[in-house]
Structures are given as C-alpha cells and as structure tokens.
Amino acid sequence: MMKNIVLTITASFLMVCLSQAQNNGDELIKNLNTDSISGKVPTYFTPGHKQIALDFQKTITKAIEFYEKRQSGQFNVKLAVLDATQWPKSWVPFGYVFYSNGWIFMNTGLSYEQFKAIYGIESIAEPLDAKLANANVTSSNMMASFYKVYSIHELGHYFMSRLTNAKSPDKWTGEFVATYFAYDFFKHYDGSALEAFKIFHEIDRAYYQPKYSKIADFNTIYMGMGVENYVWYHSNFYFLVEALYHCYGADFISFFEEKFPKSLNENLDTNAIIQILETNCKDTVQNWVKEMEKRTD
C-alpha cells in the first residue's frame with residue numbers, strides 16, 4: 001500500500017495527500033528502462049532527458065545541503081524524472097509531480113498548452129500572459145520555476161514528516177509549511193525563480209473565481225473540489241508564506257516544530273492554529289484568512 005502520496009502541480013503546483021494507494025518506487029524503477037545519475041540524490045530518468053534530470057538533481061541537492069547545515073538529520077531521498085511513456089499513471093496522472101516513501105517524482109516537462117489544459121487555467125490565461133509579458137518572463141521560464149520550487153516543496157513534505165518532530169494539525173498547515181520550506185531555500189538560492197513563481201500565484205489569486213475559499217473547505221473537501229480551486233488555494237498559501245517569512249524568517253520551521261509536535265494529542269481548531277501562528281506576527285494570519293475567505297461570501 002502506498003503511504004502519504006503527495007501530488008504537486010509542478011507548473012501549477014498541486015499537492016495532494018492520498019493515503020492507501022499502490023506504490024513502490026524502487027520496484028517501479030527496477031522494471032523501467034531508465035538511465036541514472038549517481039550522487040547525494042540518486043536520480044533515475046527516461047533516456048533522452050538527462051539535462052532536466054541533472055537540473056532537478058542539482059536543485060534538490062543544494063536544498064538538502066542548505067538544510068543539513070541547519071538540522072542534525074540526514075536526508076535520504078531518490079529522484080525519478082519520467083516522461084509520459086514511463087510515468088506511473090495508475091498512481092498519479094501525468095502532468096503532476098509527487099513525493100512518496102522516499103521518492104520524489106518529477107515529469108520531464110509540459111508544453112504551455114498542456115500545462116493550461118491539465119491545470120484548468122484557461123480562464124486566467126489572458127491576464128497571466130499579459131503579466132508575464134510585462135515582467136519579461138516567458139511561459140517556459142515560469143513553468144520551469146514552478147517545477148523547481150515544487151520539487152523542493154515535495155522535499156519539504158519528506159523533511160517535515162521524517163526529519164522533524166513536527167506534525168501538522170490539518171491539511172492547510174501541512175501544505176503551506178512545505179511551501180515555506182521551499183520559499184526559505186529559494187530566498188537564499190535563486191530569488192529569480194521565486195519571482196517567476198509568484199507571478200502565477202498573483203494572477204491566479206486575483207482572477208480565478210473559486211467555488212470554495214474557506215480553510216474548513218480545504219481541510220474537508222481537499223482534492224474533491226477540483227484542480228482549479230485546489231490550485232487557487234495554493235496561490236493564496238504562497239502569500240501567507242511570504243507574510244510569515246517577514247515575521248519569522250529562518251526560525252519558522254523550528255517554531256512550527258515546537259508548537260505542533262508529534263506528541264501533541266490535542267485537536268486544534270482553525271482559530272487556535274491561527275492564534276499560535278500569530279505568536280510573533282500579530283493579525284497577519286487572520287487578515288490573510290479574511291481576505292481569502294471573503295471571495296465566496
């Protein structure tokens with residue numbers, strides 16, 4: 001049985017936890033005709049896609065080195081970069097990426113048209129294209145940044161579950177803390193990737209009209225709300241992370257670990273979680289929640 005699969009919409013970032021599904025990364029790769037690259041992050045890829053595999057491996061390795069200097073735990077993850085012919089479609093549709101059981105799965109890339117279709121963003125394509133043009137960022141660069149940042153988001157899920165004492169009290173916190181993990185790294189490693197990444201979130205947050213906007217809906221409906229609405233939540237999460245980073249900086253994950261330890265048996269409601277998150281950041285989270293949730297009032 002597969003445990004804790006987390007989908008992430010690479011270029012449009014989608015992160016989904018599915019517990020109880022079929023998956024064995026080692027067995028899958030053993031049965032595929034892949035090439036490999038040795039290193040701190042053993043990497044397996046569909047032949048013909050070595051450069052993108054090297055790029056992902058480099059980014060993930062740099063993130064591991066960045067966090068191993070701060071933390072005592074040692075990372076132990078593998079990377080698979082697969083095209084549509086080798087992708088485990090019975091686990092996760094091609095076009096997404098995910099983490100499961102020590103493996104990060106990245107796809108070899110999409111065209112912009114595929115990207116828009118898979119993530120259902122045709123309704124925001126016009127303002128998105130205009131914003132990209134105004135910022136002198138190509139759609140290819142924007143998507144590449146999404147893939148890079150979300151590869152580290154996936155690494156963040158591994159880190160939080162395996163190498164910290166933290167346990168997220170609900171789905172909302174579990175997702176945005178993984179983005180915080182990625183954001184902190186890219187602030188130090190590649191700020192330009194964050195800028196391209198931010199453009200999509202900015203346009204999606206402003207122009208997509210959600211059916212659901214409440215924290216309670218995200219926690220209960222989750223992926224049942226459909227990919228477009230799910231993506232919209234993650235667009236909002238980015239701006240929560242950005243705001244919290246101004247308050248906590250590199251100390252946030254340690255703070256999160258202290259406030260939400262694995263030993264915590266109390267079931268915290270959303271208001272209690274907000275109050276804890278605002279310990280050093282008065283009204284920041286509450287204001288963010290109000291702004292997001294008013295979209296469906």
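The values are calculated or read from the model by the stated rules, or taken from the named source; none is laboratory data. What you see is a predicted model; the values in this text were computed from it and never measured. Note that each Cβ is placed from the backbone with ideal geometry, even for glycine, and that neighbours are counted across all protein chains shown. Only protein heavy atoms, including side chains, enter the accessible area calculation; ligands, DNA and RNA are left aside. Shrake-Rupley method; radii C 1.70, N 1.55, O 1.52, S 1.80 Å.
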Handout entry: lysines whose Cα lies under 16 Å from that of K131, excluding same-chain neighbours fewer than 8 positions away
Key = K116, K198
Exercise for the section: Provide the percentage of antiparallel DSSP beta bridges, counting only those with both residues in the chain; round to the nearest 5. Expected result: 60
Problem - Average accessible area per residue (Å²) across the chain - probe 1.4 Å, nucleic acids and ligands excluded - result: 43
Completion exercise
Compactness summary of the range 208-281: radius of gyration and Dmax from Cα atoms, Å, are 14.1, 39
Practice task
Express as a percent, rounded to the nearest 5, the fraction of DSSP beta bridges in the range 66-195 (both residues included) that run antiparallel.
Solution key: 35
Fill in the blank from the handout: The percentage of the accessible area of the range 39-137 (probe 1.4 Å, all protein chains present) made up of carbon and sulfur atoms, to the nearest whole number, is 48
Exercise for the section: Report Rg/Rh for the range 32-91, rounded to two decimals, where Rg is the Cα radius of gyration and Rh the Kirkwood radius. Expected result: 1.04
Completion exercise
Rounded to whole angstrom, the alpha-carbon centroid of the range 124-152 lies from that of the range 59-110 at a distance of 21
Handout entry: Most positive-pole-ward Cα, T34, F260, S90, against dipole of the chain from beta carbon charges
Key = T34
Practice task
With only Lys, Arg, Asp and Glu charged, each at its Cβ (+1 for the first two, -1 for the last two), find how big the charge dipole of the chain is about the Cα centre; round to the nearest 20 debye.
Solution key: 520
